[in-house]
Amino acid sequence: MTSVQTIIGRLFGSFQLNLQLFFLTLLFSLPLGLLIAFGAMSRFKPLALLTKGFVWVIRGTPLLLQVLIIFFAPGLLDWGAPWGSGMSARFTAATVAFVINYSCYFSEIFRGGIQGVPHGQMEAGQVLGMTKGQIFRRVTLLQVIKRILPAMSNEVITLVKDTSLARIISIKEILMMAQEYTGQGLIWPLFSTGIFFLVFIGILTIVFGRLEKRLDYFRV
Amino acid sequence: MPLLVVEGIEKRFDHLEVLKNINFSLDQGKALAIIGASGSGKTTLLRCLNFLEYPDSGRIWVDGELLLDAGQQKRLSEADVRFRRLNFGLVFQSFHLFPQYTVLRNVTLAVELLNRGKEQTKNSAIVADARALLNQMGLSDKENAYPHQLSGGQQQRVAIARALALKPKILCFDEPTSALDPELTGEVLRVVRSLADKHTTMLIVTHEMAFARDVADHVIFMDQGIIVEEGPPDQVFGQPKEERTRQFLSRYAQGG
């Protein structure tokens, strides 16, 4: 029988994988999402259509399926081993799938936020001689951030829980780890994983609450 | 030589001709009021001068310099437009202050950005200029307020200070009081009046007929994309020559 301490230690260890996947996905999908949002808003119609089609495919199919395809497709199609080998290959593949998936969701949030800023703000910047870049950075950006924070906090919280889907390609994240103990007749490790998620999401909720409060000083 | 010369401006949106061969000029230090019903093209004209719309044809001169020869020369690049439009300032109907900045920052931001890398003016001088403008607008005690904390009339006065901060040669107003509650229009009109008294060159699109008559040196009446009638205010308002002007004015006299 494994001791309670050992089990909890292992759960902590495996939750590291969830956290790594979470932070890496955020790190890459936020800028990529902004890029996709600009693509979808492009005045160059083919680019806008292509981007919107891509977002439709990614949002229209299960993340689980995307993880499977991205992990298995290169091998099945004889593309070599772009993800490397062993456990790190699985983790890389999962990260790539998550980044693609979440950047598409984020792009829609960004697009809504950017298009929600009144056009008059842009025009005010223009007649004051600002460049497009200056208008985006100095005028639009903070208003966009304020508008999208609630939707972003939703999406980010969903991402925390979605990291458990990585188990589909045998990444030993916390749920998979806990489930192994049910074979030993132990059910509490599985239940306790909920606490890990609750605590981490609790922290995120506080962080987002603070951010919203910090932007409370102005109205859009 | 007039400060502003506008010649043959045409603008269409798809099949709708919004401006048809618009010609007028404006002398240094004078105030020009443009009146007319909604949809007559007066706002589009103002937006063309500020390069927010690109005319299909026509020329714009300021101070003897040809700013725009639409339809003839190649379409101006964004960088060209950026500096040419600085000849004009624009005060919008619904202010469009930047909500995340204080009143003072709203006024200084664009000046600082333009001044960047040139170091012609110290930032402290920019702030001092902005404070002087806010003082002139009667807003000295509001420099640290945010736009949402101000009344519409105060916001519009900040917007006027913001436009003036760049020292435009011609200040344009696009129905500056139309978004305001009636009791707040007076404070904005008084500010515009005081600018006229200081001989600020102004182009004012307005629905306030009494104000236009009082403050303008010259009045243009527009209808369906053309200038129907123009002249000194006493003539246009007192003895309009055109039937369309008479009809428009009598509708206003009856209260809309």
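Things to note:
- Residue in segment B:1-26 that is surrounded by the most Cβ atoms within 10 Å (Cβ to Cβ), counting only those that are touching a residue at least 40 places away in the same chain (Cβ under 8 Å) and either part of a loop (DSSP other than H, G, I, E, B) or of a type in the set (Val, Ile, Thr) (or both): B:ILE9
- One residue from A:ILE69, A:ILE8 being touching a Pro at 6+ places or on another chain (Cβ under 9 Å), among the aliphatic types (A, V, I, L, M) and either in a helix (DSSP H, G or I) or touching a residue at least 40 places away in the same chain (Cβ under 8 Å) (or both): A:ILE8
- Test: residue in segment A:199-217 that is farther than 30 Å from A:LEU141 by Cα, modelled with pLDDT of 95 or more and assigned to a helix (DSSP H, G or I): yes
- Residue list for segment B:236-246, filter: over 20 Å from B:THR43 (Cβ atoms) and touching an Asp or Glu at 6+ places or on another chain (Cβ under 9 Å): B:PRO240, B:LYS241, B:GLU242
- Residue list for segment B:96-125, filter: part of a helix (DSSP H, G or I) and buried (at least 19 other Cβ atoms within 10 Å of the Cβ): B:VAL103, B:LEU104, B:ASN106, B:VAL107, B:THR108, B:LEU109, B:ALA110, B:VAL111, B:LEU114
- Of all residues in segment B:168-221, those satisfying the criterion of being among the acidic types (Asp, Glu) and farther than 17 Å from B:PHE92 by Cα are B:GLU183, B:ASP197, B:ASP214, B:ASP217.
- Qualifying residue in segment B:149-171 (condition: in a loop (DSSP other than H, G, I, E, B), touching a residue at least 12 places away in the same chain (Cβ under 8 Å) and within 30 Å of B:LYS20 (Cβ to Cβ)): yes
- The single residue among B:GLY89, B:GLY138, B:GLY39, B:GLY58 that is within 14 Å of another protein chain (Cβ to nearest Cβ) and either outside any helix (DSSP H, G or I) or more than 22 Å from A:PRO118 (Cα to Cα) (or both) turns out to be B:GLY89.
- Boolean, B:LEU113 is free of Cβ contacts under 8 Å to residues at least 60 places away in the same chain, farther than 24 Å from B:MET202 by Cβ and either in contact with a helix residue (DSSP H, G or I) (Cβ under 8 Å, 6 or more places away or on another chain) or within 12 Å of chain A (Cβ to nearest Cβ) (or both): yes
The values are calculated or read from the model by the stated rules, or taken from the named source; none is laboratory data. Worth saying up front: this structure is predicted, and the values here are computed from it rather than measured. Here the Cβ is made from the backbone with ideal geometry for all residues, glycine too, and neighbour counts use every protein chain on show.
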